[in-house]
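The values are calculated or read from the model by the stated rules, or taken from the named source; none is laboratory data. Remember, it's a predicted structure, so these values are computed and weren't measured experimentally. A quick note on method: Cβ atoms are made from the backbone with ideal geometry, for glycine too, and the neighbour counts reach across all protein chains shown. Please note that ligands, DNA and RNA were not included when accessible areas were found on the heavy atoms of the full protein model with its side chains. Shrake-Rupley method; radii C 1.70, N 1.55, O 1.52, S 1.80 Å.
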Amino acid sequence: MQKRTKIVDVLKSGRVDTEVVVMGWVRTKRDSKTVVFIALNDGSTINNVQIVADVVNFDEELLKQITTGACLSVTGKLVQSVGAGQSVEIQAKEIKLFGACPQDYPMQKKGQTMEYMRQYAHLRLRTNTFGAVFRIRHNMAIAIHKFFHDKGFVYFHSPLITASDCEGAGQMFQVTTKNLYDLQKDENGKIIYTDDFFGKQTSLTVSGQLEGELAATALGAIYTFGPTFRAENSNTPRHLAEFWMIEPEMAFYDIDDLMALEEEFIKYCVKWALDNCQDDLAFLNKMIDKSLLERLNSVINTEFIHLPYTEGIKILEDAIAKGHKFEFPVFWGCDLASEHERYLVEEHFKKPVIMIDYPKEIKSFYMKQNADGKTVQGTDVLFPQIGEIIGGSVREEDYGKLLARMNELGMKTEGYEWYLDTRKYGSCPHAGFGLGFERLMLFVTGMANIRDVIPFPRTPKNAEF
Ligand code: 4AD
Ligand code: MG
């Protein structure tokens with residue numbers, strides 16, 4: 001038997017007048033009196049191959065069963081197409097039905113809402129839009145590894161189960177084998193964990209950064225790329241309870257090195273998509289967001305703005321004075337909401353912004369303290385449509401200052417001795433950041449909701465599939 005060729009290769013090959021075997025799912029079927037036209041897709045490309053079947057050559061029953069969603073193997077001759085829309089098509093000689101597709105197939109009708117598709121996340125993968133999104137997601141993962149590998153960064157695997165809270169926000173999912181129906185408590189009413197699986201309270205990680213710092217202060221430059229979990233009850237189009245984060249950490253980087261790397265990294269990923277996902281991006285540009293390609297091109301061709309937090313607050317206050325309305329209040333010390341971030345990026349600068357020197361109260365304990373005693377060397381990269389896409393900082397490398405900050409915040413140092421050891425033994429200046437993979441995916445695909453750029457989203461009250 002002849003070997004199957006992927007549709008992407010069939011369309012590229014231009015080997016007309018040769019026989020090919022393709023396999024895939026029917027996107028559409030059109031009948032005329034004498035011929036049937038089938039658009040077949042196998043996921044290797046957004047493009048379908050057109051199959052032309054002469055009615056006389058095939059069993060009527062078989063042709064009837066070829067409906068949207070059915071899975072086929074087709075053997076036939078690749079020929080130049082006379083019809084509009086494709087350069088080649090396949091003149092079917094033999095059709096084998098792998099799986100028929102009954103009329104109640106949920107992906108039957110075009111133009112369903114994204115909410116509808118989400119209910120069928122197991123089948124939406126077979127649509128054009130989600131095919132494009134997940135081919136791009138794969139490409140972005142490859143781009144990320146290539147970027148860091150080419151720079152000599154070591155891919156480092158931080159643990160998913162942890163006993164520390166990197167961000168200190170207490171948004172952690174507990175990991176336990178305890179019988180929740182019969183919890184033993186001590187005389188103060190606190191749950192006893194000594195008999196739990198790990199002998200202490202553990203959770204799913206909110207960030208691999210702390211372990212990343214251990215590795216960077218040994219290997220020089222590392223990155224992590226893995227799942228991250230946050231039990232924040234945020235039902236927004238930009239938050240997931242389970243998302244993927246890329247966290248590079250670099251010894252001997254100062255804030256300028258850090259910002260330069262953040263900018264270079266995002267531009268590299270966006271350019272990779274433009275260079276390697278042309279068909280999928282063209283489709284999304286046409287069907288999802290007409291300004292997508294323009295936005296992607298504009299980002300790789302502009303320099304990001306560097307903006308101290310204090311100046312950013314002034315710009316927002318000026319905007320309010322001129323009559324601009326925000327839902328959330330603006331004052332020095334406030335944590336910026338995404339409406340504020342997007343105002344700065346989309347309306348004021350019309351460029352990506354790297355905001356720096358945040359008030360220490362709204363940032364994590366590990367950020368390097370500035371001499372003013374009020375601000376820290378945190379960097380958030382703010383993007384059009386998205387808001388915060390990267391959060392990073394220079395790390396406080398001074399043992400005494402770090403310890404003092406932990407005490408100030410009422411953090412227990414117990415359980416963080418290993419982290420403090422990096423400052424105790426041969427401490428070095430270092431910095432790092434975290435890029436939310438799905439936030440990058442939102443930007444690159446133009447999709448509006450983060451639930452639509454991860455295969456099976458986990459959000460409050462939702463863990464289907
Ligand atoms: O700003 P965050 O909380 O920073 C950290 O976790 C640091 N430890 C990173 C570091 O310096 N190594 O998160 C980093 C990024 C955010 O900018 C955002 O893109 C993404 O992770 N992110 C989320 N993405 C989806 N759903 C959520 N719930 C997210 N929370 C953060
Ligand atoms: Mg952040």
Margin query: Just checking, does the range 135-148 include any residue being in a loop (DSSP other than H, G, I, E, B) and either under 34 Å from the mean Cα position of the chain (by Cα) or of a type in the set (Asp, Glu) (or both)?
Written below: no
Note to self: Would you confirm, using the coordinates I've provided, whether residue 94 is open to solvent by less than 60 Å² (accessible area, probe 1.4 Å) and not assigned by TED's automatic domain parsing to the domain that holds residue 267?
What the structure shows: no
Item checked: First in the range 283-310 and more than 21 Å from residue 129 (Cβ to Cβ) and in contact (Cβ under 8 Å) with a residue 40 or more places away in the chain, second anywhere and of a type in the set (A, V, I, L, M, F, W, C) and in a loop (DSSP other than H, G, I, E, B), Cβ under 7 Å, 6 or more apart -> 310/332
Note to self: Restricting to the range 149-175, and then to whatever is among the aliphatic types (A, V, I, L, M) and in a loop (DSSP other than H, G, I, E, B), can you tell me which residue is nearest to residue 196 (Cα to Cα)?
What the structure shows: 163
Next item on the list: Working only within the range 350-375, note down all residues that are more than 10 Å from residue 309 (Cα to Cα), in a strand (DSSP E or B) and open to solvent by less than 10 Å² (accessible area, probe 1.4 Å).
Entry: 353
Note to self: Kindly evaluate residue 20 against the criterion of being touching a residue at least 24 places away in the same chain (Cβ under 8 Å), over 19 Å from residue 131 (Cβ atoms), surrounded by 13 or more Cβ atoms within 10 Å (Cβ to Cβ) and touching a strand residue (DSSP E or B) at 6+ places or on another chain (Cβ under 6 Å).
What the structure shows: yes
Margin query: Given the options 77, 109, name the one that is touching a residue at least 24 places away in the same chain (Cβ under 8 Å) and basic (Lys, Arg).
Written below: 77
Next item on the list: Answer yes if at least one residue in the range 33-40 is open to solvent by less than 50 Å² (accessible area, probe 1.4 Å), over 29 Å from residue 277 (Cβ atoms) and more than 34 Å from the chain's Cα centre (by Cα), and no otherwise.
Entry: yes
Checklist line | Hits in the range 194-219 (condition: open to solvent by less than 40 Å² (accessible area, probe 1.4 Å) and more than 17 Å from residue 434 (Cα to Cα)) | finding: 196, 199, 202, 203
Check: From the set of residues in the range 224-251 that are in a strand (DSSP E or B) and out of contact with any helix residue (DSSP H, G or I) (no Cβ under 8 Å at 6 or more places or on another chain), which is surrounded by the fewest Cβ atoms within 10 Å (Cβ to Cβ)?
Finding: 227
Check: So, of the residues in the range 252-310 that are in a helix (DSSP H, G or I) and small (Gly, Ala, Ser), which turns out to be least open to solvent (accessible area, probe 1.4 Å)?
Finding: 273
Next item on the list: Looking for whichever is within 14 Å of ligand 1 (Cβ to nearest atom) and either surrounded by fewer than 20 Cβ atoms within 10 Å (Cβ to Cβ) or under 24 Å from the mean Cα position of the chain (by Cα) (or both) here; the options are 344, 442, 409. Which one fits?
Entry: 442
Next item on the list: Find the residue count for the range 223-246, including only residues that are in contact with a Leu (Cβ under 9 Å, 6 or more places away or on another chain) and aliphatic (A, V, I, L, M).
Entry: 3
Item checked: Residue that is within 16 Å of ligand 2 (Cβ to nearest atom), at pLDDT 95 or above and assigned to a helix (DSSP H, G or I), where the choices are 435, 440, 402 -> 440
Check: Can you spot a residue in the range 370-392 that is touching a residue at least 40 places away in the same chain (Cβ under 8 Å), of a type outside the set (S, T, N, Q), within 16 Å of ligand 2 (Cβ to nearest atom) and on the phi > 0 side of the Ramachandran plot?
Finding: yes
Margin query: Can you tell me which residue is least open to solvent (accessible area, probe 1.4 Å) among those in the range 445-465 that are more than 21 Å from residue 287 (Cβ to Cβ) and assigned to a loop (DSSP other than H, G, I, E, B)?
Written below: 460
